[in-house]
Structures are given as structure tokens and as C-alpha cells.
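Worksheet: the structure to be examined is printed underneath.
The values are calculated or read from the model by the stated rules, or taken from the named source; none is laboratory data. Just so it is clear, the structure is predicted and the values come from calculations on it, not from any experiment. Neighbour counts run over all protein chains shown; Cβ positions are idealised from the backbone, glycine included.
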DNA sequence: TGATTACCGAGTGATTTAGTAGGTAATTAC
DNA sequence: GTAATTACCTACTAAATCACTCGGTAATCA
């Protein structure tokens, strides 16, 4: 799992699309204007998103982009993986010969953590984000985003 | 929150330190050997980790590095933030004049998600990772890393 | 036919990544 | 003392990535 500014741009653009695409397609020019991302960079990002069927483009006047599927079916992990392709970090991949030493133990731990982070982001959908924010707006008091955040968060 | 290969190197190195530093300091040369990371790059990473008191160096023969505090007090977020400094993504920061439009709504959503990811990683310590792995080794059947991973993980 | 929009490829300065090289400072062992 | 070892520090660099510009082509609508 990799979370760079590129992934953020993609998530931000997809959020914009989820919010503004309710009735009719949204043009990249609009997203560019709304989010302050250059048009050409958006084109690159959407080429990747299109490849994973996360968005669907319609050409011509009145055209633009739709979400490729329902916002509830698109996870944050989906978006990030589409633009920020997965790089295998541990060279051994678990199967090579850094046999049993401290190196492979560390790699195993990293792999497990990596999987956990991925699952975490795979469990948050675009729909979740939008819905939670609406809930907040209607006067909810608890932090509606706290799925896991609990006590021991003195870490900073 | 930013999660790059640099952060991974740092987490991996810190894991190595947590595992091998039980009795005596660990040299960067050992970590370099164990994890396949160049010595000089480790020096750069550890300079940042030292700055945040996450590690403590001892010079001279028999020297090396200790964890700066207990493994249970060092979160993954701590490590990543030390080496991969926090970049504010949304230019408006919530306070500027992208007043109420779709742009700021999206930014708010992104900020909330970002906070959620941070809290998630802030709740996982080096100690957790090591302990969970030991639990796994003693023949535990459940995935000991599944803190949040539950049902709806058809996303990929 | 012309405007609009997605789609496509080449190129680019700035930044980041991961590393080399060549030191100095502190500590230990002899 | 002297030599070895280790942290600690600065400067430099090839390669990759980031975010962008430019200049197109293809489809669709009025």
C-alpha cells in the first residue's frame, strides 16, 4: 500500500465526482477548477481510474465523467491502487531465501501491517465518506469518522 | 499522512531494532545487512528518528542504537511522521476562502479521512507488531492482525 | 460545420529516492 | 597514547516520480 499525494489527488477528484455527479456527468475542467488540480494531470489520473472501471467518460458537449459504479462499491483502496500502483516492498516476497532470519521476520511483520492498512482503506468507501459528512451536518455530536480511533491516541 | 517507501524503510528498520535490540545496541551496519538498506540511507533515516527521540545512539566500539522509548510507546504513525514529514494537502487548510463550495466540502472529507488513517496507524505500536507475531508463532489460528478487518472486504 | 469534451503522447522542471563519498567526534580495547 | 569502531555530519548524484504544459485526435452535440 502506498499513500502519496498522487493518491490524494485521485481520492479528492473521486470525492468531487461522487458529490457533484448526482445528476449528470462532471467535466474534468470543473474538477480542475473546483479542486485546483491541473487539467492534464487529471487526465492522467482519470486514464488510470478508467482502466480500473472506477469512472466512465462521455465525450462531446454535455459530456464528462460518471462514477464507474456506485459510490458504495468504490473503496479508497481501489482508488489509490488504480493510480499509485502497488510496489512489492520486500524483495523476498516471503518465498525467497532470507530464510528464517531476522530479515524475514521483519518482512513478515511489515507484510502483515501492510495488509492491515490495505484492509482498513478497503473498508472505507466513497459513499461512506459522503454519508458520514452529511450525518455530521445534520447535527451529530460524535465524530462520525471514528471507526477505530479509541483511547490510546497520545501518539503524535 | 503519507505512506511512501521511505516510511516503510523506517518502519522496517525500527522493527529490526525492536526485535534485535533486546540485549544491547544494534549497529546500523547490522540493520543494513539484515534488511538490505544502504548504510548511508539508514544514517539519514536515523538522523530523523533521533530528532524525534525514537532512537538513541551510542558511539564507539560496542555501540549502536537503542529504541528511544519502549516499543509499546512507539506507534507506526510516530515513525512515518518522523521521516516522511507531514505535508498539508489542502491549500485552504479549512480556514481559507474556498468558502462552503464543493471544493471545501471535498477538502473536509479528505481531512477527516486523513485523520482517520493517522489515528489508525497511531494505534498500532512496534510492540503490538512484535507481540502479535509471537502469538502467531505459538500456534494461534485467528489472524492476530485483524483489528478492524471484518466482513465487507470484497473491495480490492 | 463548429464547439465541446474525452482521450492520447511527448516532453519538462522540480522534488524525492536511495545511494556514494569523504569526512569528524566519541568511545573502547590494546 | 594509539588504533579500531561506531555514531554523526555534509555534499553530491543518478534515477524515479510528481505535477504540469503543449499539441494534438476522436467522438458527440447544436
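Can you find even one residue in the stretch A:116-132 that is modelled with pLDDT under 85 and under 27 Å from residue A:11 (Cβ atoms)? Yes, the stretch A:116-132 has at least one match.
Would you call residue B:15 touching a strand residue (DSSP E or B) at 6+ places or on another chain (Cβ under 6 Å), more than 9 Å from DNA strand C (Cβ to nearest atom) and either in a helix (DSSP H, G or I) or within 14 Å of another protein chain (Cβ to nearest Cβ) (or both)? Don't jump to the end; show me each part of the working.
Numbers: touching a strand residue (DSSP E or B) at 6+ places or on another chain (Cβ under 6 Å): no; more than 9 Å from DNA strand C (Cβ to nearest atom): yes; either in a helix (DSSP H, G or I) or within 14 Å of another protein chain (Cβ to nearest Cβ) (or both): yes.
It is false that residue B:15 is touching a strand residue (DSSP E or B) at 6+ places or on another chain (Cβ under 6 Å), more than 9 Å from DNA strand C (Cβ to nearest atom) and either in a helix (DSSP H, G or I) or within 14 Å of another protein chain (Cβ to nearest Cβ) (or both).
Hey, does the stretch B:45-56 have a residue that's within 11 Å of DNA strand C (Cβ to nearest atom), in contact with a helix residue (DSSP H, G or I) (Cβ under 9 Å, 6 or more places away or on another chain) and free of Cβ contacts under 8 Å to residues at least 12 places away in the same chain? Checking the stretch B:45-56: not a single residue is within 11 Å of DNA strand C (Cβ to nearest atom), in contact with a helix residue (DSSP H, G or I) (Cβ under 9 Å, 6 or more places away or on another chain) and free of Cβ contacts under 8 Å to residues at least 12 places away in the same chain.
Tell me whether the stretch A:21-36 contains one or more residues that are more than 13 Å from chain B (Cβ to nearest Cβ), at pLDDT 95 or above, assigned to a helix (DSSP H, G or I) and closer than 30 Å to residue B:80 by Cα. No, because not a single residue in the stretch A:21-36 is more than 13 Å from chain B (Cβ to nearest Cβ), at pLDDT 95 or above, assigned to a helix (DSSP H, G or I) and closer than 30 Å to residue B:80 by Cα.
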